[in-house]
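Read-outs: derived from the displayed coordinates by stated rules, not from any lab. Keep in mind that what you see is a predicted model, and the values were worked out from it rather than measured. Positions of Cβ are backbone-derived with ideal geometry, glycine not excepted, and every protein chain shown enters the neighbour counts.
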Amino acid sequence: MPKKGQAKGPMAIQENVLASGLCTNCGACVNLCPYIVTWKDRTLFIHSCDREDGRCYAFCPRTPTDLGTLRQALFDAKDLTPELGAIKGFYMTRSADEGVRRVSQHGGTVTTLIMLALEEGLIDACVLAEEGEDGLPHGITVSDPSEVKAHGRSKLVVSPTLAEFNKIVRKRTGKIGVVATPCQAMALAKMRLGPLTPDDAHLGKIQLVIGLFCGWAFSWKRLDALLRTRVAPTAVIGLDIPPSRYHSLEVHTQDGIIEIPLDEVLPCVREGCRYCSDMTAEFSDISVGSARCPEGWEVARSWNQVIVRTPIGRELLELARAKGLLEFREMPEGNLERLKRASLNKKKLALTNLIEKTGDPEDLLYLDPRDPVLAELIG
């Protein structure tokens with residue numbers, strides 16, 4: 001955690017996050033001041049700043065974070081698990097609309113929930129990722145439910161979505177939702193709990209965070225170079241990672257699916273993902289990821305696994321059930337334990353990589369080794 005008197009501003013971001021390879025390009029530090037921008041999958045300082053503190057440092061998910069305080073403030077203690085964070089419920093769902101499923105990642109659960117939240121007035125706008133030029137994503141704000149379906153696919157490159165959130169949150173009235181990766185969900189949790197001044201009252205507009213399961217994301221530049229050896233970038237509709245036994249990346253195009261061996265793909269993973277300990281977006285209201293079914297991947301790819309974490313997450317999911325917008329199926333035996341093992345493995349790998357980086361198990365950079373969950377893993 002920060003030492004007394006340690007600067008907690010832009011210089012610390014540059015030294016401890018960007019130069020250390022921890023940055024995920026989540027966008028949490030962008031559009032807070034004119035000095036920080038995102039450009040081609042990178043976060044850059046375009047002017048030096050010597051502030052001793054700042055929102056950029058306070059909200060970054062890769063600056064020291066008291067995870068215990070975040071958990072205590074956001075979730076019911078009885079729901080907390082060491083592997084997956086808070087669990088109020090664990091479900092397997094998919095959109096009841098085949099058209100939504102067709103244009104969405106996996107079962108279309110996220111698309112359905114966002115459309116419903118907008119239609120019912122639970123939120124007034126939602127910040128999503130939009131594909132830009134050459135497959136480079138960026139954030140976009142949507143308030144019309146009919147526009148949500150256009151943003152349901154994933155290219156597995158992190159969008160600096162929170163840059164868009166920082167831009168619109170001061171301008172728009174009403175309640176805002178965000179679809180977030182694990183690092184972005186943590187940043188939003190820090191925003192909710194740690195406003196620096198009374199001027200940050202607008203952060204209370206964060207009403208709903210839907211988190212995405214994420215094992216890792218790609219460096220856009222490396223992935224783009226790899227894809228160009230197989231297909232024109234404009235022909236790519238979406239990407240998917242099947243279960244580990246397939247050991248491949250699926251590239252979805254208009255002409256079918258191209259499979260690339262995972263050995264060729266793994267060098268494209270961005271460095272900052274090696275140090276992430278959160279696979280299931282633990283600091284969201286509801287988390288959604290791909291499913292596992294006994295019938296195999298061809299069935300599983302059209303379903304989602306869903307973790308409900310907060311009362312608003314439960315309210316939204318049950319509303320979708322009552323309106324018949326989501327189909328539910330019985331969770332296969334052992335799925336929760338398998339997900340817990342996978343999440344725990346990611347935590348252990350992140351700790352191994354952080355200790356390897358610093359050479360000191362007491363120095364985990366942005367994580368606190370005194371956190372009970374991490375302390376148990378370190379042993």
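Of note:
- Just checking the listed ones, SER290, SER248, SER146: in the Gaussian network model of the chain with Cα springs under 10 Å, the one fluctuating most is SER146.
- Per residue, the average separation of C-alpha pairs within less than 8 Å and at least 6 apart gives region 118-251 a relative contact order of 25 percent.
- Gap separating the Cα centres of region 66-116 and region 311-368, nearest whole Å: 10 Å
- Three-way shape label, region 220-268, alpha-carbon gyration tensor, a/c 1.5: oblate
- Calculated diffusion of region 1-78, Stokes-Einstein form, Kirkwood radius summed over Cα pairs, 10 °C and 1.306 mPa s, µm²/s: 118 µm²/s
- Among ALA235, ALA217, ALA350, the largest mean-square fluctuation in a Gaussian network model of the chain, built with springs joining Cα atoms closer than 10 Å, belongs to ALA235.
- Which of CYS60, PHE90, LEU74, positive extreme of dipole for region 27-108 (C-beta unit charges): PHE90
- Unit charges on C-beta of K, R, D, E only; dipole of the chain, Debye: 320 debye
- Based on the convex hull around the alpha carbon atoms, the chain presents an average projected area of 18.2 nm².
- Cross-link pairs exceeding 23 Å in C-alpha to C-alpha distance, out of LYS205/LYS348; LYS171/LYS205; LYS8/LYS171; LYS78/LYS323, comprise LYS205/LYS348; LYS8/LYS171; LYS78/LYS323.
- Antiparallel DSSP beta bridges within the chain, as percent of all bridges there, nearest 5: 75 percent
- Restricting region 278-379 to GluC sites (Glu not before Pro) in coil, as DSSP defines it, with at most 14 other Cβ within 10 Å: GLU295, GLU330, GLU333, GLU362
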